[in-house]
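So the structure is just underneath, and the comments pick up after that.
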Amino acid sequence: MNTFLNSDKSIYLQISEIIETDILRGILLEDEKVPSTNELTKQYTINPATAAKGISLLVAEGILYKKRGIGMFVSPGAREQILEKRRKLFKEQYIPKLLQEAASIGLSKEEVIRTIETGGDFA
């Protein structure tokens, strides 16, 4: 969890995304304790309420669950849930923008596919 915060989006959203990414990378596993609000507050020098809001968002989505008096833990199936959520986001937000930009610079669908297949080289 050595990620830096930026001003691109709300800090609480960045906190939730950092935790999600750690789950995706296998840094945080199912039923494993996640950093506490106090730990996040110290690590990122943020307001405790902001850290709590980021964690609460993940609890509301079912990605984390609370063990009373112990802390927050990664829910079973959280990794798959995050993958599904991010794939949907990718299809709904990134692909349309990519295709729109490609069309605006005169790239055909086939050229976009070929460019992706070659790792970014225009062939």
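Odds and ends about this structure:
- Filter result for A78 (under 30 Å from I116 (Cα atoms) and either surrounded by 18 or more Cβ atoms within 10 Å (Cβ to Cβ) or in contact with a Lys or Arg (Cβ under 8 Å, 6 or more places away or on another chain) (or both)): yes
- Scan of region 45-58 for residues that are more than 14 Å from P35 (Cβ to Cβ) and of a type outside the set (S, T, N, Q), ordered by number: A49, K53, L57
- Selection of helices (runs of 4 or more DSSP H) fully inside region 34-114 by the criterion of at least 3 residues being outside the structural domain of T21 (by TED's automatic domain parsing) and out of contact with any Gly (no Cβ under 9 Å at 6 or more places or on another chain) returns 78-89, 95-104.
- Count of residues meeting criterion [within 14 Å of the chain's Cα centre (by Cα) and closer than 20 Å to S10 by Cα] in region 24-61: 5
Matching residues to (1) farther than 25 Å from I11 by Cα; (2) free of Cβ contacts under 8 Å to residues at least 24 places away in the same chain; (3) charged (D, E, K, R):
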| site | (1), (2), (3) |
| --- | --- |
| I63 | no, no, no |
| K66 | no, yes, yes |
| G71 | no, no, no |
| S75 | no, no, no |
| S108 | yes, yes, no |
| V112 | yes, yes, no |
| D121 | yes, yes, yes |
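- Matching option when the condition is polar (S, T, N, Q) and touching a Phe, Trp or Tyr at 6+ places or on another chain (Cβ under 6 Å), among S75, S104, S56, S108: S75
- Flag for K66 being in contact with a strand residue (DSSP E or B) (Cβ under 8 Å, 6 or more places away or on another chain), at negative phi and either exposed (fewer than 14 other Cβ atoms within 10 Å of the Cβ) or among the acidic types (D, E) (or both): yes
- Selection from region 25-45 of residues that are in contact with a helix residue (DSSP H, G or I) (Cβ under 6 Å, 6 or more places away or on another chain) and either farther than 17 Å from Q81 by Cβ or surrounded by fewer than 18 Cβ atoms within 10 Å (Cβ to Cβ) (or both): T37, L40, T41
- Checking the stated criteria, E17 turns out to be surrounded by 15 or more Cβ atoms within 10 Å (Cβ to Cβ), out of contact with any helix residue (DSSP H, G or I) (no Cβ under 7 Å at 6 or more places or on another chain) and under 30 Å from V112 (Cβ atoms).
The values are calculated or read from the model by the stated rules, or taken from the named source; none is laboratory data. Model, not experiment: these values are computed from the prediction. Using ideal geometry, Cβ is built from the backbone for each residue, glycine included, and neighbour counts are taken over all protein chains shown.
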